[in-house]
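The values are calculated or read from the model by the stated rules, or taken from the named source; none is laboratory data. Keep in mind that what you see is a predicted model, and the values were worked out from it rather than measured. Note: ideal-geometry Cβ built from the backbone for every residue, glycine included; neighbour counts use all protein chains shown.
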Amino acid sequence: MSEALRTDLYQLTMMQAYWKSGHNPEATFDYFVRKIHSGSYLITAGLSFVLDYIEKLRFEDEDIEYLKTTGIR
């Protein structure tokens, strides 16, 4: 399994929906927090890791074959 499949199925089905409908290839994602449990600050880290992951994201032939077996069209 490649890194491309290390996500939840929801993200893959949303990616497929965008692709099938011909949406703009650019997408925006939000990070939402309902409640900060202590204090009033939220620190996030790892954005550079996420951006690097997305830039290098590729599906191998075996990934595509696996996804075909899920029955999602």
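Take the residues of segment 20-32 that are part of a loop (DSSP other than H, G, I, E, B) and at pLDDT 75 or above: which is surrounded by the fewest Cβ atoms within 10 Å (Cβ to Cβ)?
To start, the set of residues in segment 20-32 that are part of a loop (DSSP other than H, G, I, E, B) comprises 22-32.
Checking which are at pLDDT 75 or above leaves us with 22-23.
Numbers: Gly22: 7, His23: 10.
My answer is Gly22.
Just one of (1) free of Cβ contacts under 8 Å to residues at least 60 places away in the same chain; (2) part of a loop (DSSP other than H, G, I, E, B) trips up Met1, so point out which.
So the condition that Met1 fails would be (1).
Keeping to segment 34-73, report how many residues are touching a helix residue (DSSP H, G or I) at 6+ places or on another chain (Cβ under 9 Å) and surrounded by 10 or more Cβ atoms within 10 Å (Cβ to Cβ).
First, the residues of segment 34-73 that are touching a helix residue (DSSP H, G or I) at 6+ places or on another chain (Cβ under 9 Å): 53, 56-60, 63, 66-67, 70, 72-73.
Within this subset, residues satisfying the condition of being surrounded by 10 or more Cβ atoms within 10 Å (Cβ to Cβ) are 53, 57, 59-60, 63, 66-67, 70, 72.
Residues that pass the stated criteria total 9.
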